[in-house]
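Report on one structure; see the data block that follows.
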Amino acid sequence: MGNDGGSIPTRRELVKSSKGERTSSELFEQNLLNATFVWSTCILSKKPLQLPIVSDYLGRLYNKDSVLEWLISPENFGDGDATVPHIRSLKDVVELKITKDENSGKWICPVTGKELKAGGSKFVYLPECGHVFAESAFREIDTDNCLACGSMYSKANVVTINPTTKADVEANKARMDRLISEGLAHSLKSTSNKKKRKNGEDSKEKKDKKKTKSMEIIRNEETLRMTTKVLESVKQSINGRKRSEAVQDLYLKA
Ligand SMILES: [Zn+2]
């Protein structure tokens, strides 16, 4: 009774809200997971993280050798397609330059000295050079240059490592959406280069093949023409001989 008219929720709204709830609970589970697993384990190989480490656009961490193996032999990773469907080449990851504390061997921010660990400070990296910092390092120094190597970076390209808030998860995804629209991979390398070159090669190959084929046709036609000519002259000489033999016969007969 109270639900008639416009107050009845449409199927679309129900689906939308249940989907929304699922997303936030998934996010919550992800947050719990982030606390331990993702900071210590390569989520592709399930092996302990060890340098060299690469990261994807989501800010997840992987052992570089595991990613290389994944790219070469994906069949070795049972759930690889579900875990890293977006890693199709090395352009889809950035190798991180992580500072190691000389005494403790722990991974730290080279500016603040904060430790890179589960449940610790928010850490980010610059895809332009791969250097890793606690986000707070940039709050103190406003610069367009990497605080470790001095190379230029864009604030819009900074990636949050293992983000725990919805805003940071979305920011990493929105950044990737923008890069795709600009024809760039997560590593900021062009995604179209390879395709263009490949297409170029393809069309060149096709042209070459066409050229070879038409050359063959010409050669065949020439051979045919020459063969016909030879055959004709042979025929003529046979005919001629036959005629002269016939004439000779006539004379002999006479
Ligand atoms: Zn740098």
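For the stretch 84-110, name all the residues that are surrounded by fewer than 17 Cβ atoms within 10 Å (Cβ to Cβ) and more than 13 Å from residue 54 (Cα to Cα).
85, 86, 88, 100, 101, 102, 103, 104, 105, 106
How many residues does the stretch 138-175 contain that are more than 9 Å from the ligand (Cβ to nearest atom), touching a residue at least 24 places away in the same chain (Cβ under 8 Å), farther than 18 Å from residue 55 by Cα and in a loop (DSSP other than H, G, I, E, B)?
Of the residues in the stretch 138-175, 1 are more than 9 Å from the ligand (Cβ to nearest atom), touching a residue at least 24 places away in the same chain (Cβ under 8 Å), farther than 18 Å from residue 55 by Cα and in a loop (DSSP other than H, G, I, E, B).
Looking only at the stretch 137-171, how many residues end up being crowded, with 18+ Cβ neighbours inside 10 Å, more than 22 Å from residue 43 (Cα to Cα) and not hydrophobic (A, V, I, L, M, F, W, C)?
1
Would a scan of the stretch 73-84 turn up a residue that is part of a strand (DSSP E or B) and not aliphatic (A, V, I, L, M)?
So in the stretch 73-84, the residues part of a strand (DSSP E or B) come out as none.
Scanning the stretch 73-84 turns up no residue that is part of a strand (DSSP E or B) and not aliphatic (A, V, I, L, M).
Test residue 94 against the criterion of being under 22 Å from residue 137 (Cβ atoms) and among the β-branched types (Val, Ile, Thr), and give yes or no.
yes
Find the residue count for the stretch 105-130, including only residues that are closer than 20 Å to residue 41 by Cα and within 16 Å of the ligand (Cβ to nearest atom).
The qualifying residues number 8.
In the list 197, 219, 178, which residue meets the criterion of being modelled with pLDDT of 95 or more, basic (Lys, Arg) and away from the ligand (no atom under 16 Å from the Cβ)?
178
Could you list, in sequence order, all residues of the stretch 87-117 that are aliphatic (A, V, I, L, M) and in a loop (DSSP other than H, G, I, E, B)?
Those that are aliphatic (A, V, I, L, M) and in a loop (DSSP other than H, G, I, E, B): 87, 93, 96, 98, 111, 116.
Can you go through 102, 95, 135 and tell me which one is of a type in the set (Asp, Glu), without any contact (Cβ under 8 Å) to a residue 60 or more places away in the chain and away from the ligand (no atom under 16 Å from the Cβ)?
Just a single option satisfies the conditions, and that option is 102.
The values are calculated or read from the model by the stated rules, or taken from the named source; none is laboratory data. Just so we're clear, the structure is a prediction, and the values are computed from it rather than from any experiment. Positions of Cβ are backbone-derived with ideal geometry, glycine not excepted, and every protein chain shown enters the neighbour counts.
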